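Note sheet for the following structure.
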């Protein structure tokens, strides 16, 4: 990038150049925004650098992250006070018009244009693009440094998701078709005039959600985030049952009831000494059906298994267990973190046996993939 | 520039402490007649901006509170169905022609104006239209709003198109529980309102609570600012700070003490877990 790319012969031109510069930096600045900025500046209303900056900021930025980046990009672009420069220029114009040659026009970029490194620095120091990136990162590949950030991000996003899910259930009574029979019945009181129109509404579903989380060694990196996800779901589903399994099955619903996740995690760690060791998916699911099936597999619940499907036990057990679950569940969903890899094929012993019984088979390797499940759970 | 400082002073008179950035954004709203989208955490005074602006302009404030399932009947207009039925009944025996009758029952008398239509059809001067917590409404409503915010007109099939004589000043607020569409953002001036810094918050508390002692205000704000640093279920906003300071004053405390905090913690922290945790750490 050099000065010639953003030539400027006055404040209006400079604003146009600046919006082009922002556009190159990934800002969504259209012609209309530029026009408005020019209009505000041309009216001579913003005679102060600070107000000038705030005005451009409110016109050009769309998110708090962009606002952060804007501060730095603004400094990069306007090395000199743009307003001051403009004033000086016009004074100069009046005094020595003859001397004014286009080649000597001051460039608003200042002495030197921003270098690539400087621009890179702006990108890397901002939280925005970093968060965006983290959302897509595979949990197992998160660097230690980012782990805390990811934890905070996941907590925030999951909380928002729970909020949205809760709100989705509120149906408006004014929607829906007219309930003819009820309306006519009610109209009798008004001498046959249908004064009140009664409408049909759908009763919001109260489906039970059963979660079975694999906490074996191969799932180590994921199970922590998945557990957080389960905690977030608890806020929405009153009837939520959660289990963890590896070599044996442990019911953790009660532990989740404490609203402290850290506490829950500690409790689970204490209860399950098998946390992060071999996996017997089939046997554990069998235990679930035998032990809790009668109680929980009623009213067509949604059953979600979170596991990588790396079965070390007998796959035949898994087959029969899933068959029995499938028979009594509304839907069986399998979330496999390994599916995040584009080259993944469900060839693992457990996975290939399970596939025919699954209604949905999704990945669960990053925040984004987990948040996608919201759609399915909201139904 | 003087205009912007004027706005700051005017808002201050209405007990609203605005910084220069917000004032610049408001100035642009008045100048460009573009809607202003304010985002930020709960309790930082997003809604108050609209109230203060309306008072400053001496314009009526029309408020639309968004919620999931908000539809055009509650947001724009609705025909008064019961009144229409009565109207038909009353006209049954009259010799007026059928077309007349129809025009009568679909006239302005039978129209229930909801906030958006009210804002469009203001007669005297531009009102301030506050669309609160837009992120709660669903996407369909947002799409509809787009149309309104660009053309400032509403079509009613039975009556024709109503175009705004005085464009309303529109302020939209959002808690950012979901991202609003890019198209909507582009129609608006954007401002992010965050928790205030120590100094600003002290001045807000003093502004709102006449006669609060400086020491108490300082202490309360310092405490709340510290609370915000912690991981809480519900981070207290400015309104909580004010509530807390007010209740401390009402109880006759002149400075923060352990007892005072324990008595009144419920006004700052609105979750049982948070209260327990903070009490334990006292």
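Derivation of every value follows stated rules applied to the coordinates shown; laboratory data play no part. Worth saying up front: this structure is predicted, and the values here are computed from it rather than measured. Virtual Cβ from ideal backbone geometry, glycine too; neighbours counted across all protein chains shown.
Only helices enter the 222 nm calculation for chain B: every DSSP H run of n ≥ 4 contributes -39,500 (n - 2.57), and dividing by all residues gives -14500 deg cm²/dmol, rounded to 500. Just need the relative contact order of chain B here, percent rounded to a whole number, with Cα pairs under 8 Å and 6+ apart. Once normalised by length, the contact order is 23 percent. Build a GNM of chain B with springs between Cα atoms under 10 Å apart, and of B:123, B:31, B:89 the one that fluctuates most is B:89. What would the Debye formula give as log10 I(q)/I(0) at q = 0.26 Å⁻¹ for the alpha-carbon point model of segment B:198-280, no solvent? Summing over Cα pairs of segment B:198-280 leads to -1.40.
When only alpha carbons are used to place a centre, segment B:253-282 and segment A:311-349 end up 49 Å from one another. The angle between the Cα long axis of helix B:81-91 and the longest principal axis of the Cα atoms of chain B comes to about 30 degrees, rounded to the nearest 10.
With each label modelled as a point 7 angstrom along the Cα→C-beta vector, the residue A:133-residue B:71 pair spans 4.7 nm. In this calculation the C-beta distance from residue B:19 to residue A:181 is compared with R0 = 60 Å, giving a FRET efficiency of 0.50.
Ignore the peptide's own chain and count Cβ atoms of other chains within 10 Å of each Cβ in A:66-75; give me the average, rounded.
1
The angle between the Cα long axis of helix B:20-32 and the main principal axis of chain B comes to about 10°, on a 0 to 90 degree scale.
Relative to one another, the C-alpha centroids of segment B:117-138 and segment B:185-199 are positioned 20 Å apart.
Starting from the Cα gyration tensor of segment A:316-379, take the square roots of the eigenvalues, sort them a ≥ b ≥ c, and report rounded, prolate or oblate (rounded when a/c is under 1.5, otherwise prolate if a/b is larger than b/c, else oblate). It comes out oblate by the Cα gyration axes. Take B:241-251, B:266-276 and order them by the average number of nearby Cβ atoms within 10 Å per residue, most first; the result is B:241-251, B:266-276. Inter-chain Cβ neighbour count for A:360-369, averaged per residue, equals 0 (cutoff 10 Å, partner chain atoms only).
Counted residue by residue at 0.36 nm each, then reduced by the alpha carbon distance between them, the extension gain from residue A:341 to residue A:75 reaches 91.7 nm.
The modelled label-to-label distance between residue B:33 and residue A:152, using points 7 Å beyond Cα along the C-beta direction, is 4.3 nm.
Each label was represented as a point 7 Å from its Cα along the Cα-to-Cβ direction; for residue B:92 and residue B:210 these points are 6.1 nm apart.
Mind checking which of B:238, B:38, B:105 has the largest fluctuation in a GNM of chain B, springs on alpha carbons under 10 Å? Taking springs between Cα atoms under 10 Å, the residue moving most is B:105.
Take each residue of peptide B:27-33, count the partner chain Cβ atoms within 10 Å of its Cβ, and average: the result is 4. Note on residue A:199 and residue A:326: with the Förster distance fixed at 25 Å, the Cβ-Cβ geometry gives a FRET efficiency of about 0.10. What angle do you read, to the nearest 10 degrees and between 0 and 90, between the alpha-carbon axis of helix B:214-229 and the longest principal axis of chain B? Taking Cα atoms only, the helix is inclined about 80 degrees.
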